[in-house]
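Notes follow once the structure below has been shown.
Throughout, read-outs are computed from the coordinates displayed, never taken from laboratory work. Model, not experiment: these values are computed from the prediction. Cβ coordinates were reconstructed from backbone atoms using ideal geometry, including for glycine residues, and neighbour counts include every protein chain displayed.
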Amino acid sequence: MAVSYYYARAALALALGCALAAAAAAQSQWVRAHATFYGGADASGTMGGACGYGNLFAQGYGTRTTALSTVLFANGASCGQCYKLVCDRKFERTWCKPGVSVTVTATNFCPPNWELPDGGWCNTVRAHFDMAQPAWEKIGVASRGIIPVIYKRVSCVKKGGVRFTVNGHDYFNMVLVTNVAGPGSIRAMDVRGSADWMAMARNWGANWHSLTYLNGQGLSFRVTVTDGQSIVFANVVPPSWRFGQSFASNLQFKL
C-alpha cells in the first residue's frame, strides 16, 4: 500500500512538472492577434477595471496595461499576467512602428460587443488586446486605431514585494493581491488567522475572499501563482488591521 502510494505521488509530481514545462514552452511562442486602444492619451480612462486593481498609477501598473478578450481573460484568472507585444509588419508596414516592442500587464476585460458582427474584435473566441493608449502608441500609429500584433507571455518584473489590501466586512474578507512578479497571475490562495489554514476563493479579478470572522487576528496568506511557485506571507497583516488598509510584504515571486 505504502509503495503504491509513493509511486502514485511520484507519477503525479512528474505529470505536474511536465504540464508546467509544456505550459512554459507554449508561453514562449509568438502568437498572432490584433490590438486596439482605449482610455485616452493619459490613460485616465483605464482606471478601475475587471481585475479590481483600482487606481493603476497608485498600484504601480502605470500606463503599460491592457484589457483582454474573453479567451485570454479566462474569467479573471489571467489578471496580473504580462505580455510582450510587437506590431506585425508582415501584415501592416504602414501603421506599425519598426524595431520596438512593449510589455503590458493584464488589468481589465474587453467584453464582446454584440451590436457588431460576431461580437466585434473582443468576441468570445478571438485573442485580442485593448491596450492603454500610451502603451499602444509604443508600437502603432494612433490614427490607425487597430493593428495586427504578435505576442507572448513573459515574466512580470516588479519592484518591492507582493501587496495585500483587505476589504469586505465581518465574516466576509476580500483581499486584493497586487504587485505579483513572475507569472503575475494567482492560481490559489489561503488565509490563516489564529487557527488553521483556510482556502480562499476567487471573488472577481485579483480579489480573493473567505467567509469567516478574522477581525482582530494577525493574518498570514499562502499564495500559489500559476507556474506553481508558492510563498507563505507570514503575519503580513497585524492584528490591528482595519478594512480598506493595504499591507506590503518583503517577499516576491521569482521571474
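Ignoring everything except DSSP H segments at least 4 long, calculate the 222 nm mean residue ellipticity for the chain; use -39,500 (n - 2.57) per segment, divide by total residues, nearest 500.
-4000 deg cm²/dmol
Sequence gap at least 6, Cα distance under 8 Å: using those rules, report the relative contact order of the chain to the nearest whole percent.
About 21 percent, as a whole number.
Out of region 187-255, which chymotrypsin sites (Phe, Trp or Tyr not before Pro) are coil in DSSP terms and have no more than 16 other C-beta atoms within 10 Å?
Listed in order of number, the matching sites are TRP197, TYR213, PHE243.
Which residues make up the longest stretch of the chain that has no trypsin sites (Lys or Arg not before Pro) in a DSSP loop with at most 13 other Cβ atoms within 10 Å?
1-89
Give me log10 I(q)/I(0) at q = 0.09, 0.13 Å⁻¹ for the chain, Debye formula, one equal scatterer per alpha-carbon, no solvent.
One equal scatterer on each Cα of the chain leads to -0.45, -0.86.
Give, as ranges by residue number, the residues of region 161-186 whose backbone N falls under 14 Å from the point 7 Å along Cα→Cβ of ALA248.
Inside the label zone: 161-165, 178-180.
For the chain, take the longest principal axis of its alpha carbons; what is the angle in degrees between that and the long axis of helix 2-27, to the nearest 10 within 0 to 90?
Roughly 30 degrees between the two axes.
Among residues other than ASN179 whose Cβ falls under 9 Å from its Cβ, what is the net charge (Lys/Arg +1, Asp/Glu -1)?
+3
Give me the count of lysine pairs in the chain whose alpha carbons sit under 14 angstrom apart, restricted to pairs 8 or more positions apart or on different chains.
5
Can you tell me how region 29-154 classifies by the Cα gyration tensor, rounded, prolate or oblate, using a/c under 1.5 as the rounded cut?
rounded
Given contacts defined as C-alpha pairs under 8 Å and at least six residues apart, what's the relative contact order of region 29-154, whole-number percent?
43
Please report, in debye to the nearest 20, how large the charge dipole of the chain is about its Cα centre when each Lys and Arg carries +1 at its beta carbon and each Asp and Glu carries -1 there.
Its charge dipole is roughly 740 debye.
I need THR36, THR105 ordered by Cβ neighbour count within 10 Å, fewest first.
Starting with the residue having the fewest Cβ neighbours, the order is THR36, THR105.
How many nm separate the modelled label positions at ALA77 and ARG187, each set 7 Å beyond the Cα in the direction of the Cβ?
So the two model labels end up 1.0 nm from each other.
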